[in-house]
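Enquirer: Got a structure for you, questions after.
The values are calculated or read from the model by the stated rules, or taken from the named source; none is laboratory data. All of these numbers come straight from a predicted model, not from anything done at the bench. Neighbour counts run over all protein chains shown; Cβ positions are idealised from the backbone, glycine included. Heads up: the accessible areas ignore ligands, DNA and RNA and are worked out on the full protein's heavy atoms, side chains in. Shrake-Rupley method; radii C 1.70, N 1.55, O 1.52, S 1.80 Å.
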Amino acid sequence: LKGRSELAPYLANLGHGDVKEHSAQTMTRAYADSVFVPAPRGWRVLDCFRDYEATRMGAIPVVVADGRSDEVERSFGHYYREPPGSLPPWVFAKSWTEAGDMMVALMKNMTALEEMQAANLRWWDRVNYNLRRGIYEALRDNDALPPPSS
C-alpha cells in the first residue's frame, strides 16, 4: 500500500491474528481510534458488516473494488429510501495503491477529511432512521402494532 508508513497511525490496527480473536469491545475501540478502516470484501460482494461497524464509530471505510466496474454499485447502491445509486460517503478505489493515495490526500486536507467524516455520520444516522421508520410503517400498515397504552 503506497503511503502505508504515512498512514499507519490513522488505520485500524489490531495486530496479527484473525479478527475473530478480537472481542466486540476491542473492535469497537479500534474503529473509534481510527480515521480509516480498510474494509475486506464480504463473501459474495464488497459489502461487509465491518463497514457499518467502522461507520458507526466515526471511521471511514476504505473499499477497494479491484477490476469489476459495477461491483461498487451492486454492493452499495441499494440503501432504503436513499436516491437510487447513491453510495455511502466512504473511500472507494480501484486498487489499494489508489486507496492509499486518496487517504494521504485526505490527511493533507483536514477540511475535506472532517467534511467526509461528518457526511459519513449523517449518512449512518439517515440510513438507520429510514430503516426504523420503514419497519414502523410496515408494522402499522399491517395492524401489527400494539394499541397505544393509556
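Enquirer: Counting only heavy atoms of the protein chains, get the accessible area per residue of region 58-138 (1.4 Å probe) and round it to a whole Å² value.
Expert: 55
Enquirer: Next question. Calculate the dipole size of region 27-150 relative to its Cα centre from +1 charges on Lys and Arg beta carbons and -1 charges on Asp and Glu beta carbons; express the result in debye to the nearest 20.
Expert: The dipole magnitude comes to about 180 debye.
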